[in-house]
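Structure first, commentary second.
Please treat every number below as a calculation from the coordinates, not as lab data. Just so we're clear, the structure is a prediction, and the values are computed from it rather than from any experiment. Every residue, glycine among them, receives a Cβ derived from its backbone with ideal geometry; neighbour counts consider all protein chains shown.
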Amino acid sequence: MNILGIATPGPNAAVALFDNHSIVAAIEEEKLSRANDQHALPQLALARVLASAGMQLADVDAIALAAFGNGSKQNRRKNSANEATLAHLRQLLAGRRFTLFDHHLCHAASAFYTSDFGSH
């Protein structure tokens, strides 16, 4: 199974590609665009990750988007901007479906799943 992970939008927009066993490729958008803190969709990173793996978007089985949760006051004010970003992301992903995950829970999961807590 090939899973595409996207962290966007924001200053750390990035894309990672995983298979059943490991990270296949990953890169932050600003490493390619050379623009710091641009708050853009990671279009260059998406293209680079897929190209480095010799894959196309059609080869991806699932797409996960790390996004800020909708509960905070700040995110409620940005709701229309978030909707516009999601619409642009859908266009970038050629209409493919994706699953939204809370940004902060993604941080917690990355710490837990890379630790040895589950091995005891």
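Brief remarks on what is shown
- Modelled label positions at ASP59 and ASN82, each set 7 Å beyond Cα in the direction of Cβ, lie 3.3 nm from each other.
- A Förster distance of 22 Å, applied to the separation of the beta-carbon atoms of ALA109 and ASN12, puts the FRET efficiency at 0.85.
- The amide H of ALA64, built 1.01 Å from its N in the peptide plane, has LEU4, GLY5, ILE6, THR99 as neighbours under 5 Å, considering only residues 5 or more places off or on other chains.
- For the range 80-103 versus the range 3-24, the gap between their alpha-carbon centres in whole angstrom: 14 Å
- Tensor-based shape of the range 1-55 (alpha-carbon gyration tensor, a/c under 1.5 rounded, otherwise prolate or oblate): prolate
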